[in-house]
Amino acid sequence: MAYTALYRKFRPLKFEDMVGEEHITRTLKNQIISKRVGHAYLFNGGRGTGKTTSAKILARAVNCLNPKDGEPCNECEICKEILEGSLTDVVEMDAASNNSVDDIRGIRDEVNFLPTKAKYRVYIIDEVHMLTTGAFNALLKTLEEPPEHVKFILATTEPQKLPTTILSRCQRFDFKKITNENIIKRLKIICTESNIKIAEDALNLIAILAEGAMRDAISILERCCQESIDEINVDIVKELVGIPSLEYISKISRSIFENNEVEALEVIDNIIDSGKDLNNFLWEVIKYIKDILVFKSTGKLKLYSDDEIAQIKEISELTSRERLLNTINLLSNLENEIKWSSQKTIMFQTGIIKACTDTQMSGVEELKKKVEELENKLANGNIKITSNSSNVDSNVISKSNTSSNAQLLSSTNKNKEVSNKVSETKVESSSSSDINWQDIINKLRTSGKVRLYTSLANTVLNQIGDLILEIEFPNGLTPFVEKILEDSDNKKDLSDLLFRETGKQWHIKYKDGKNSKKIVETKTYENPIDNLGLDINVIE
């Protein structure tokens, strides 16, 4: 007897045998019981989620001579012939290889003939999104008004590629990814009936690797069964599916975040000497760094042992989330460049060196460190601010000679003249905002928006009009900071935070404090702190 693949041998024969798609099977059974079966269905979902299986069960159920509770009996003459594939009234067509206008015209001509044995002529068209535009047009009229004895079941993984004229004429059912729990449940049934011994953690690993596709899970299990072993364990599963050893991957990842170019190049040499494919290895490195980022964000990971998670934790403590994101983007771009390069090794080496010397992100981290040091000094009282603003002129006069007093009075009078001129000028001016700007900046840091936080750390907020805010950069607005502020995600984060804090939707402007030409910002003195009467002492 010819060997039958496990996924075919254990294909569900009834709706009740399917797992994870109860929302679909329940509706289909109710339609069959109430005899309200539609003329056209669209089954959409990822691979291995049960689209074709459901289509075959539905084709038998509507034609079964002895249906029960919306299920086919699988014992009558019609059911048996459909299961054997010998009944010409049920037609399965793969649109990936039969996608021309002529193929669909053949169906259009056939639908006019009555079924030979069954009650309905059923057409199951798999991968229907692969049909050409002409084929869709040829199918459209038949799909819109088919004869009463014809049913269409279309299956696809990409419904967005179907014309809306087709979508609107079908009852659409979306198949979800099957949960790991349901995959494990089904695998246990298969293992029991097939006398396969497998460890529980191996089942968990297969379920994770299947990514919601039952057929993929059964195929992985079948590959593991080919080994002459008493019991399938995790190591066998990893070896068969090609999960590489983490020794090189972990080592090169650590080298990147320790900025250790020498060690990284040594790892690359070992990879080349062992004959490993650089494209595959780079992809594994990207996935590993992604997992480090996930662990740093959530503290949880799958697919790894306790020792491997301990290694990932150590590496995650060497860097920040921003550096991890930056490295993933850098290596992803490197992967695209390597695909089209004739010098893959050179491209790979230079890309890894660049990842080790990521100066842009290092500068942001350095700025973050300086800001944190300044905050610690403020918290510990190492920066003291005392105010003598009650009588600036008299205090200074009592401590200075007559010449100094005259200079101070002259400077004060000039400041008053400038102030009066500004108040008389009919221009839109800015004023200090009642918004607690420093509190908002701190909330950016605590919410993980570090790049935005460091960019706005030393800014001043001014309000212009009722709904306009101006963020001033006293030390100048650099192109790097400007690029961060123009990022769409950063814009939204700042706008949303201001809305939550004030209840208003603000229009935000940025002002370069070094290149400002506004009259209201004109100063006649070089050190404004001296004119405020504040003594600032930094205690190291």
Residues that are at pLDDT 80 or above and in a loop (DSSP other than H, G, I, E, B), drawn from segment 431-446 | Ile435, Asn436
Is it the case that some residue within segment 139-155 is over 25 Å from Thr27 (Cα atoms) and of a type in the set (A, V, I, L, M)?
-> yes
Within segment 510-527, identify whether any single residue is at pLDDT 85 or above and either under 31 Å from the mean Cα position of the chain (by Cα) or open to solvent by 60 Å² or more (accessible area, probe 1.4 Å) (or both), and answer yes or no.
-> yes
Mind checking which residues of segment 95-119 are more than 35 Å from the chain's Cα centre (by Cα) and either aromatic (Phe, Trp, Tyr) or open to solvent by less than 20 Å² (accessible area, probe 1.4 Å) (or both)?
-> Ile104, Ile107, Val111, Phe113, Ala118
Scan of segment 272-301 for residues that are among the aromatic types (Phe, Trp, Tyr), touching a residue at least 40 places away in the same chain (Cβ under 8 Å) and open to solvent by less than 60 Å² (accessible area, probe 1.4 Å), ordered by number = Tyr288
Failed criterion for Tyr3 (all others in (1) among the aromatic types (Phe, Trp, Tyr); (2) surrounded by fewer than 19 Cβ atoms within 10 Å (Cβ to Cβ); (3) in contact with a Phe, Trp or Tyr (Cβ under 7 Å, 6 or more places away or on another chain) hold) = (3)
Return yes or no: is Asn233 open to solvent by 10 Å² or more (accessible area, probe 1.4 Å), without any contact (Cβ under 8 Å) to a residue 60 or more places away in the chain, more than 29 Å from the chain's Cα centre (by Cα) and within 24 Å of Leu301 (Cβ to Cβ)?
-> yes
Are there any pairs, at least 6 apart or on different chains, whose C-beta atoms fall under 7 Å, with the first in segment 7-24 and under 16 Å from Pro67 (Cβ atoms) and the second among the β-branched types (Val, Ile, Thr) and open to solvent by 80 Å² or more (accessible area, probe 1.4 Å), and if so, which?
-> none
For residues that are out of contact with any helix residue (DSSP H, G or I) (no Cβ under 8 Å at 6 or more places or on another chain) and of a type in the set (D, E, K, R), scanning just segment 229-257, find the one that is farthest from Glu337 (Cα to Cα).
-> Asp230
For segment 44-58, state whether one or more residues are touching a strand residue (DSSP E or B) at 6+ places or on another chain (Cβ under 6 Å), in a strand (DSSP E or B) and within 26 Å of Leu143 (Cβ to Cβ).
-> yes
In segment 6-35, the residues that are hydroxyl-bearing (Ser, Thr, Tyr), surrounded by fewer than 20 Cβ atoms within 10 Å (Cβ to Cβ) and assigned to a helix (DSSP H, G or I) = Tyr7, Thr27
Could you check, for segment 239-246, whether at least one of its residues is over 25 Å from the mean Cα position of the chain (by Cα) and either open to solvent by 60 Å² or more (accessible area, probe 1.4 Å) or among the aromatic types (Phe, Trp, Tyr) (or both)?
-> yes
Search segment 447-482 for residues being over 29 Å from the mean Cα position of the chain (by Cα) and small (Gly, Ala, Ser), and hand back the single one that is modelled with the highest pLDDT.
-> Gly476
Out of all the residues in segment 36-43, is one or more under 31 Å from the mean Cα position of the chain (by Cα), at pLDDT 90 or above, assigned to a helix (DSSP H, G or I) and farther than 17 Å from Leu83 by Cα?
-> no
Here, helices (runs of 4 or more DSSP H) confined to segment 224-327 with at least 1 residues that are at pLDDT 90 or above and touching an Asp or Glu at 6+ places or on another chain (Cβ under 6 Å) are 246-257
Would you check which residues across segment 79-94 are β-branched (Val, Ile, Thr) and surrounded by fewer than 22 Cβ atoms within 10 Å (Cβ to Cβ) and list them?
-> Thr88, Val91
Report, by residue number, each residue of segment 468-508 that is open to solvent by 90 Å² or more (accessible area, probe 1.4 Å), under 22 Å from Gln438 (Cβ atoms) and either charged (D, E, K, R) or in contact (Cβ under 8 Å) with a residue 40 or more places away in the chain (or both).
-> Lys491, Lys492, Arg500, His507
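The values are calculated or read from the model by the stated rules, or taken from the named source; none is laboratory data. On a predicted model such as this, the values are computed, not experimentally measured, just so you know. Neighbour counts are summed over all protein chains in view; Cβ atoms, including those assigned to glycine, are modelled from backbone coordinates with ideal geometry. The area values use the complete protein model at the heavy-atom level, side chains included, leaving out ligands, DNA and RNA. Shrake-Rupley method; radii C 1.70, N 1.55, O 1.52, S 1.80 Å.
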